[in-house]
Amino acid sequence: MFFISLILPEFSFFTSNGIIDYMKTCIIGLGNPGDKYKGSRHNAGFDLLDIFVKSNSLKDFTFSKNINAEISENQNIIIVKPHSFMNLSGIVVKKTIKKFGIKPENIIVIHDDIDIEIGKIKISKNRGSAGHKGIDSIIKEIGSKNFTRIRIGILPNKKPTKVDDFVLKSFNLEEKELLNNAYLKILKELNKWI
C-alpha cells in the first residue's frame, strides 16, 4: 500500500484584530497547450487539474491573455494551466504570483517525471529540478526553489532512449489504469485544501 503525506502552506492566520486573513495557494499543472498534446505523458499535470476542478465543482478555467494561462480563481486556491510551452513555464508562474500576491512557499507544481515508475508519485519541497525543464524555468524566473512539487511517474518498464519523443506520446490502456491510481492519491491530498 502506498502512503503519502504532504504538508502544505497554511491557508490562514489571525491578524492583530483577531480576524482571519486567508492566504491564497497556487496549484500549477505543467503541460503543453493545444489539442496535439492532449492526453500525452507530458500533460499529466494538466489532466490532473482538469479532474480536480471538475470533481470539486470549482470555477471553470478561463483564459488570461495577460498571464497566458487558463486560470480557475477560487477563494483560497488559484489553479493554473500555463499556455507557454513546458520549457517556458516559469514566465507564466512569475506573472501569476505577482498578480495574486503569492509567495513561492505557497506554490504547488504538479508535473510528469520520467524517472518515477508509472502509477507512483513523489512529493518534495525546496529541491532542484532534477533536469525537468519546466521546473528549471520556474526556479530561474521566480528566483526560488522553495515550492512544493508533486511528481507523477510516467516511466514504463524501462527508460526509453528518445525521452523527448516519448513524453509527447499517449498512454496505453494499462498505463492509464496505473496513472488513474496515481491521480486518486494526489486528488485525496489536494481535496484537503478546498
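Worth pointing out:
- The residues of the range 124-156 that are within 24 Å of residue 39 (Cβ to Cβ) and outside any loop (DSSP other than H, G, I, E, B), listed by number, are 133, 134, 135, 137, 138, 149, 150, 151, 152, 153, 154, 155.
- Annotation: residue 80 fulfils all but one of (1) closer than 21 Å to residue 186 by Cα; (2) part of a helix (DSSP H, G or I); (3) touching a helix residue (DSSP H, G or I) at 6+ places or on another chain (Cβ under 6 Å); the unmet one is (2).
- Only one of the numbered conditions (1) under 20 Å from residue 186 (Cβ atoms); (2) under 14 Å from the mean Cα position of the chain (by Cα); (3) open to solvent by 10 Å² or more (accessible area, probe 1.4 Å); (4) of a type outside the set (S, T, N, Q) is violated by residue 52, and that is (3).
- Residue among 178, 184, 173, 155 that is closer than 21 Å to residue 80 by Cα and among the aliphatic types (A, V, I, L, M): 184
- Count of the range 150-177 residues which are out of contact with any helix residue (DSSP H, G or I) (no Cβ under 7 Å at 6 or more places or on another chain) and buried (at least 18 other Cβ atoms within 10 Å of the Cβ): 2
- Residues in the range 92-123 that are farther than 17 Å from residue 142 by Cα and either part of a strand (DSSP E or B) or open to solvent by less than 80 Å² (accessible area, probe 1.4 Å) (or both): 111, 112, 113, 114, 115, 116, 117, 118, 119, 121, 122, 123.
The values are calculated or read from the model by the stated rules, or taken from the named source; none is laboratory data. Just so you know, these numbers come straight off a predicted model, no measurement behind them. Note that we place each Cβ from the backbone using ideal geometry, even for glycine, and neighbour counts take in every protein chain shown. Heads up: the accessible areas ignore ligands, DNA and RNA and are worked out on the full protein's heavy atoms, side chains in. Shrake-Rupley method; radii C 1.70, N 1.55, O 1.52, S 1.80 Å.
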